[in-house]
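One structure is given below, represented as structure tokens, and several questions about it will come after.
Quick note: the coordinates plus some simple rules give every number you see, no bench work behind them. Since this is a predicted model, take the numbers as computed values, not measurements. Positions of Cβ are backbone-derived with ideal geometry, glycine not excepted, and every protein chain shown enters the neighbour counts.
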Amino acid sequence: ATPTSIMVGTGRAAELGVLFRKGEALQALRSAEIVVMDKTGTVTKGRPELTDLVVAEGFDESEVLRLVAVVESRSEHPIAEAIVRAAAAKHMTPSTGLEYSITNFESVTGYGISATVDDRRIDVGADRFMEKLGLSVAPFAQAAERLGDEGKTPLYAAIDGKLAAVIAVSDPLKPSSIEAIRALKAMGIGVAMVTGDNARTARAIALQVGIETVVAEVLPEGKVQAIRDLREGGKRLVFVGDGINDAPALAEADVGIAVGTGTDVAIESADVVLVGGDLMGVVHAIEMSRATMRNIR
Ligand code: ADP
Ligand code: MG
């Protein structure tokens, strides 16, 4: 590619909200064979809402929500924000945390969080977090399966070492996801999704947007390995992601595309940035690459 054709190409892309941080990406994208997307914040908005809270026998719903929200007020995970907002909407004020003593706070990335609130031990997180703590989530198996099939993420809360509730959060799709994935497939490009979320939830979301290949329940450090597996040896692979967790995968891919609404760490690890977070930007970037490379031959 001549410097001029690349400048014209990147200029046109910028008008569509696609910023090329590295010129080589414009050349590499034309031969993309598979696009792998992170789920939360990439295919979905990354702003979940609390939708369900089912308590075990002997537990009070608002008491569970209050205690869980107090602990989540110390976490910056989007799930935590959803729970804190839901509690605030019910006029609980966990965000200040002032009226509670919160000690032993611990966040286990990819699993969940724990703390002691006024002498009560609270654990909140994924099923694998409860299992790690030696708690069986079997009593909520049916509820969790139903929630997962609805595309919601089931979480569990334990109070003083007893399973107290299953909580669900739902993260809406981005308006551009279905169209972008359809367009990529029409261009002959494979599309896959990688996520730390629950397998049933991931499959339900993938079904809604037309993705057939899903790798779920991936721990933060596992995304790079997931990409290597999806590459099947030699495929030209593009990864699209937004989170801190996605930085190594963005660097590992042939081309890393960061969602501009995501974290700075992700943006710094990427070759291309989608300014407004619109997934059609992935399609535009590849089209632009194909057109630019055609012009110079
Ligand atoms: P991703 O952002 O790819 O969905 P994460 O690795 O951030 O995945 O989290 C994976 C899972 O860990 C979440 O789906 C959730 O079940 C659990 N988890 C992480 N942080 C929290 C938290 N603050 N509160 C409750 N659950 C959490
Ligand atoms: Mg994400």
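Any chance you could give the angle, 0 to 90 degrees and rounded to 10, that helix 78-89 forms with the longest Cα principal axis of the chain?
Value to nearest ten degrees: 50.
Note the full-extension length gain between Ala88 and Ala141 as 0.36 nm times their separation in residues minus their Cα-Cα distance, in nm to one decimal.
Working: separation 53, 0.36 × 53 = 19.08 nm, distance 2.85 nm.
Difference between extended and current length: 16.2 nm.
Angle check, please: helix 3-15 long axis (alpha carbons) against the longest principal axis of the chain (alpha carbons), in degrees 0 to 90, nearest 10.
So the inclination is approximately 40 degrees.
Just list whichever of Lys22/Lys223; Lys45/Lys132; Lys39/Lys162 have alpha carbons separated by over 26 Å in the model shown.
Beyond 26 Å: Lys45/Lys132; Lys39/Lys162.
Could you give me the ³J(HN,Hα) list for the stretch 239-251, computed from phi with Karplus coefficients 6.51, -1.76, 1.60 and θ = phi - 60°, whole Hz, x at Gly and Pro?
With coefficients 6.51, -1.76 and 1.60, one gets 10, 10, x, 10, x, 4, 4, 8, 3, x, 5, 4, 6 Hz.
Using 0.36 nm times the number of residues separating Thr4 and Phe105, minus their current alpha carbon distance, what extension gain do you get? All intermediate terms of the calculation are to be shown ahead of the outcome.
On the way: separation 101, 0.36 × 101 = 36.36 nm, distance 5.48 nm.
Here the answer is 30.9 nm.
Now a separate question. Just from its helices, what would the mean residue ellipticity at 222 nm be for the chain, if runs of 4 or more DSSP H residues each count -39500 (n - 2.57) and the sum is divided by every residue, rounded to the nearest 500 deg cm²/dmol? The partial results should precede the final answer.
Working: 12 runs with 116 residues, N = 297.
After summing the helix terms and dividing by the residues of the chain, the value is -11500 deg cm²/dmol.
Among Glu179, Glu63, which comes first, second and so on when ranked by fewest other beta-carbon atoms within 10 Å? Before the final figure, lay out the partial values.
Numbers: Glu179 16, Glu63 13.
So the ranking, lowest neighbour count to highest, is Glu63, Glu179.
Still on this structure, please answer the following. Explain nothing, just the number: dipole magnitude of the stretch 121-206 about its Cα centre with +1 on each Lys and Arg Cβ and -1 on each Asp and Glu Cβ, in debye rounded to the nearest 20.
Values: 11 positive and 10 negative charges, 34 e Å.
Here the stretch 121-206 has a charge dipole of around 160 debye.
Same structure again: Out of residues 5 or more away from Ala165 or on other chains, whose amide H comes under 5 Å of its own, with H placed 1.01 Å from N in the peptide plane?
When sequence neighbours closer than 5 places are left aside, the close amide H contacts are Ala56, Ala157.
For q = 0.10, 0.12 Å⁻¹, what log10 I(q)/I(0) does the chain give under the Debye formula with an equal point scatterer on each alpha carbon and no solvent?
-0.57, -0.77
Taking the convex hull of the Cα atoms, report for the stretch 85-199 its projected area averaged over all directions, in nm². Intermediate results must be reported in sequence, preceding the final value.
Numbers: hull surface 37.9 nm².
For the Cα atoms of the stretch 85-199, the hull's average projected area reads 9.5 nm².
Which of the peptides 253-259, 73-79 is most tightly packed, and how do the rest follow, judged by the mean count of other Cβ atoms within 10 Å per residue?
253-259, 73-79
Let me ask something else. Where does the charge balance sit around Ile227 when Lys and Arg score +1, Asp and Glu -1, over other residues with C-beta under 15 Å from its C-beta? Provide the component values of the computation, followed by the final result.
On the way: positive: Lys39, Lys223, Arg228, Arg231, Lys235, Arg236; negative: Glu33, Asp38, Glu221, Asp229, Glu232, Asp246, Glu252, Asp254, Asp271.
Overall, the nearby charge balance is -3.
Could you work out the local net charge near Tyr100, counting Lys and Arg as +1, Asp and Glu as -1, over the other residues with Cβ closer than 11 Å to its Cβ?
Working: positive: Arg66, Arg74, Arg120; negative: Glu99, Asp118, Asp119.
So the surrounding residues net to 0.
Roughly how many Å is it from the Cα centre of the stretch 1-73 to that of the stretch 139-172, as a whole number?
Their Cα centres are 23 Å away from one another.
Placing +1 at every Lys and Arg Cβ and -1 at every Asp and Glu Cβ, with all other atoms neutral, what dipole size does the stretch 65-185 have around its Cα centre, in debye to the nearest 20? The partial results should precede the final answer.
Details: 14 positive and 16 negative charges, 53 e Å.
For the stretch 65-185, the charge dipole is close to 260 debye.
Out of the DSSP beta bridges found with both residues in the chain, what percent are antiparallel (nearest 5)?
Details: 32 of 51 bridges.
Just about 65 percent of them are antiparallel.
In the neighborhood of Ala251, defined by Cβ-to-Cβ distances under 10 Å, what is the net charge if each Lys or Arg adds +1 and each Asp or Glu adds -1?
Working: positive: none; negative: Asp246, Glu252, Glu268, Asp271.
Residues near Ala251 contribute -4 overall.
Let me ask you something else. Where the only charges are on Cβ atoms (+1 Lys, Arg; -1 Asp, Glu), what is the dipole of the chain about its Cα centre, to the nearest 20 debye?
Details: 31 positive and 41 negative charges, 260 e Å.
Dipole about the Cα centre, nearest 20: 1240 debye.
Could you go through the stretch 193-205 in sequence order and give the Karplus-derived ³J(HN,Hα) for each residue, using 6.51 cos²θ - 1.76 cosθ + 1.60 with θ = phi - 60°, rounded to whole Hz, and x for Gly and Pro?
With coefficients 6.51, -1.76 and 1.60, one gets 10, 10, 8, x, 6, 3, 5, 5, 4, 4, 5, 5, 5 Hz.
Tally the DSSP beta bridges in the stretch 121-227 and give the antiparallel ones as a percent, rounded to 5. Provide the component values of the computation, followed by the final result.
Details: 11 of 14 bridges.
Around 80 percent antiparallel, to the nearest 5.
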